[in-house]
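First comes the structure, then the notes that go with it.
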Amino acid sequence: QVQLVESGGGVVQAGGSLRLSCAASGRTFSTYTMGWFRQAPGKQRELVASISSGRSTYYADSVKGRFTISRDNAKNTMYLQMNSLKPEDTAVYYCAADRSGVVTTTRNDYWGQGTQVTVSS
């Protein structure tokens with residue numbers, strides 16, 4: 001029963017904030033690298049941010065300084081704090097996990113179903 005479930009998406013005005021959560025069940029993901037991806041209409045899925053088991057982080061240039069990725073291994077949950085949201089952040093956001101130490105747009109061990117984030121002007 002391994003699964004990742006995203007929550008926290010919704011509609012927010014530009015400049016606002018949202019916090020996405022990715023709750024894992026069926027397996028302990030403390031040793032996995034985890035990440036957030038997003039896909040906007042007409043665009044390819046892209047990596048937004050990732051975090052390793054050692055808390056090393058990566059951010060796409062488009063979100064750096066605005067988004068913060070974190071994880072709580074005790075809760076088996078990953079978060080994405082999204083501040084200063086822009087309309088171009090509108091997308092379906094997916095969480096993923098991979099035991100190899102890296103996350104990719106296509107070949108992760110586990111994917112969530114996605115949560116919609118809509119940023120209005």
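Has the range 60-69 got at least one residue that is within 13 Å of the chain's Cα centre (by Cα), touching a residue at least 60 places away in the same chain (Cβ under 8 Å) and open to solvent by less than 70 Å² (accessible area, probe 1.4 Å)? Steps first, answer last, please.
Of the range 60-69, the ones within 13 Å of the chain's Cα centre (by Cα) are 60, 63, 67-69.
Imposing the further condition that a residue be touching a residue at least 60 places away in the same chain (Cβ under 8 Å) reduces the set to none.
The answer is no, given that none of the residues of the range 60-69 is within 13 Å of the chain's Cα centre (by Cα), touching a residue at least 60 places away in the same chain (Cβ under 8 Å) and open to solvent by less than 70 Å² (accessible area, probe 1.4 Å).
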Single match in Val102, Val119, Val92 (criterion: open to solvent by 30 Å² or more (accessible area, probe 1.4 Å) and modelled with pLDDT of 95 or more):
Val92
Name every residue in the range 1-44 that is under 13 Å from Gly112 (Cβ atoms) and among the charged types (D, E, K, R), in order of residue number.
Glu6, Arg38
Go through the range 1-30 and count every residue that is under 14 Å from the mean Cα position of the chain (by Cα), among the aliphatic types (A, V, I, L, M) and open to solvent by 60 Å² or more (accessible area, probe 1.4 Å).
1
Please tell me if Ser84 is farther than 20 Å from Pro41 by Cα, modelled with pLDDT of 95 or more and assigned to a loop (DSSP other than H, G, I, E, B).
yes
Among the residues of the range 1-15, write down those that are more than 17 Å from Val48 (Cβ to Cβ) and in a loop (DSSP other than H, G, I, E, B).
Gln1, Val2, Ala14, Gly15
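The values are calculated or read from the model by the stated rules, or taken from the named source; none is laboratory data. Please read these numbers as outputs of a predicted model, since none were measured by experiment. Using ideal geometry, Cβ is built from the backbone for each residue, glycine included, and neighbour counts are taken over all protein chains shown. The protein model used for the area step is the full one, side chains on, heavy atoms only, and it has no ligands, DNA or RNA in it. Shrake-Rupley method; radii C 1.70, N 1.55, O 1.52, S 1.80 Å.
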